[in-house]
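Presented below is the structure to which this report refers.
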Amino acid sequence: MNAAVDAYLADTTTASYPIADSHSLDLAAAVLAHEWASQVTALVGSSVGLKRSAVRTAFLLARTEKA
């Protein structure tokens, strides 16, 4: 999960990120679909820790795709 969060924070357009052998997650779509994560990542004054928590929450609630 930490690697996925790092990948998203490095490039917020990351689409297909491998989660398991046969599943992937669209990181950008997961954050956009989660209202709080979307707002937190857009705020300039948000701390890195808060952004990481919001992004992690969005990923945990998102649905993976069969690769």
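Structure values in brief
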item	result
Given charges at beta-carbon only (K, R positive; D, E negative), |dipole| of the chain in Debye	160 debye
Relative counts (whole %) of C-alpha pair distances in the chain, using bins that are 10 Å wide	24, 58, 16, 2
The chain: relative contact order in percent, alpha carbon pairs under 8 Å with at least 6 residues between	34 percent
Accessible area per residue, Å², the chain with all protein chains present, probe 1.4 Å	63 Å²
Net length gained if the chain between ALA33 and MET1 were fully extended (0.36 nm per residue, minus Cα distance)	9.7 nm
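The values are calculated or read from the model by the stated rules, or taken from the named source; none is laboratory data. On a predicted model such as this, the values are computed, not experimentally measured, just so you know. Glycine also receives a Cβ, built like all others from the backbone with ideal geometry; neighbour counts cover every protein chain displayed. Just so you know, the surface numbers come from the protein's heavy atoms only, side chains and all, with ligands and any DNA or RNA stripped out. Shrake-Rupley method; radii C 1.70, N 1.55, O 1.52, S 1.80 Å.
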